[in-house]
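Structure first, then comments.
The values are calculated or read from the model by the stated rules, or taken from the named source; none is laboratory data. Remember, predicted model here, so these are calculated numbers, not experimental data. Quick reminder, even Gly has a Cβ in these numbers, built from the backbone with ideal geometry, and neighbours come from all protein chains shown. We work out accessible area using only protein heavy atoms, side chains counted, and drop any ligands, DNA or RNA first. Shrake-Rupley method; radii C 1.70, N 1.55, O 1.52, S 1.80 Å.
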Amino acid sequence: MMTSEATSTTLEELLFLTKVYEEAELFEDMIACMKKYTTLKTDLNAEERDLLSRAYKNHSASKRTAWRVLNSLEKQSDVKDTNNITLIKQFKSKIEKELDDICNDALDLAETLLNTKDIVYSETRVHLLKMKADYYRYMAEYKTGEDYEKACEGAFECYQKANEVAGKELGATSPVRLGLVLNYSMFLNDIFNEKHNAIKLAKSAFNEAIENLEDLSEEDYKDTVMVISLMRDFFNFWISELENDLSRR
């Protein structure tokens, strides 16, 4: 890991380095920078929240992709070729350990920030609860048994709590609230296999946002429109899947 952030003491320097690391795809360094940044400023604005999210998300993305590939290869492998299967399992176990480290680090940071007294913005609180929920969800993708149950429980509780806060304190067109609902609905569909509930949740938030577009600020316009579009694509796809399932019966 680089040490440039260790000599950077101002928020401006740390924010600049974070963006440089992102451009260079040095995501571990990006995380280190943002972790130091949060020791100096807890209540993050929209840009700072996005940088924190992208640092962890981009660092974990390649590991999550690698795990999915290895899991697929393990299932496709010839059961007679035990040596190859053993190699795949060993590699997959290594990736799981690396994912554990990333996810637990993200969970610990989010929990630490949530427990500070400096957070006054509802957007920050919802964002951090969503962050916890997301990384529990990522763990649920590869965990089994009791660990899987714990990850699912953690994700569900954090999504529920974040959704309650967002529903009370954030407007219907808030990109933070809509991004939360999108990820929550993905969790219900992908992990709990509750497609109907996922559609209901996403569609309700989508319709409410459309009905309140006149309240959309210029600052939030781009992000809100992007999330609304993604939300529509997802629930339309899930509806299509349900219709296809019914037609095959």
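Here are the numbers for this structure:
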read-out: Whole-Hz ³J(HN,Hα) from phi, Karplus 6.51 cos²θ - 1.76 cosθ + 1.60, for region 88-94, glycine and proline x; value: 5, 5, 5, 5, 5, 5, 5
read-out: Protection proxy ranking, peptides 119-132, 172-185, average beta carbon neighbours within 10 Å, highest first; value: 172-185, 119-132
read-out: Diffusion constant of the chain at 25 °C, which comes from Stokes-Einstein with the Kirkwood Cα-pair radius and 0.890 mPa s, µm²/s; value: 124
read-out: Share of pairwise Cα separations in region 107-169, more than 18 Å, in percent; value: 36
read-out: Per residue, the convex hull volume that the Cα atoms of region 112-237 enclose (Å³); value: 104
read-out: Cα centre as origin, Lys/Arg/Asp/Glu Cβ charges: the chain dipole, Debye; value: 840
read-out: Of Leu128, Thr116, Leu87, farthest towards positive along the dipole that unit charges on Lys, Arg, Asp, Glu beta carbons give region 54-172; value: Leu87
read-out: Heavy-atom surface of region 26-152, accessible at 1.4 Å and reported per residue (Å²); value: 51
read-out: Value at 222 nm in deg cm²/dmol, rounded to 500, when DSSP H runs of n ≥ 4 in the chain each add -39,500 (n - 2.57); value: -27500 deg cm²/dmol
read-out: Burial order of peptide ranges 209-222, 25-38 (average beta-carbon count within 10 Å, highest first); value: 25-38, 209-222
read-out: Extension gain, Phe192 back to Ser204 (0.36 nm per residue minus Cα-Cα distance, nm); value: 2.4 nm
read-out: Gained length - Thr10 relative to Asp215, 0.36 nm times residue gap less alpha-carbon distance; value: 70.2 nm
read-out: Straight-distance crosslink candidates among aspartates and glutamates, where the alpha carbon sits under 15 Å from Lys92 and sequence neighbours closer than 8 are dropped; value: Glu74, Asp100, Asp101, Glu141
read-out: In sequence order, calculated HN-Hα J values of region 216-223 (Karplus, 6.51, -1.76, 1.60; Hz; x Gly/Pro); value: 5, 7, 4, 5, 8, 3, 4, 5
read-out: Computed magnitude of the charge dipole of region 204-249 (debye, nearest 20; Cβ of K, R +1, Cβ of D, E -1); value: 480
read-out: Kirkwood hydrodynamic radius (C-alpha pairs) into Stokes-Einstein, region 147-194, 4 °C and 1.567 mPa s, D in µm²/s; value: 116
read-out: Too-long pairs where the Cα-Cα distance tops 29 Å, listed order kept, from Lys161/Lys222; Lys36/Lys89; Lys41/Lys94; Lys94/Lys150; Lys75/Lys200; Lys143/Lys222; value: Lys36/Lys89; Lys41/Lys94; Lys75/Lys200; Lys143/Lys222
read-out: Size of electric dipole in region 86-188: Cβ of Lys, Arg +1 and of Asp, Glu -1, about Cα centre, debye, nearest 20; value: 220
read-out: Backbone N under 19 Å from the Glu149 label point (7 Å along Cα→Cβ), restricted to region 172-208; value: 191-193
read-out: For peptides 99-109, 232-242, sequence by mean Cβ density within 10 Å, most packed first; value: 99-109, 232-242
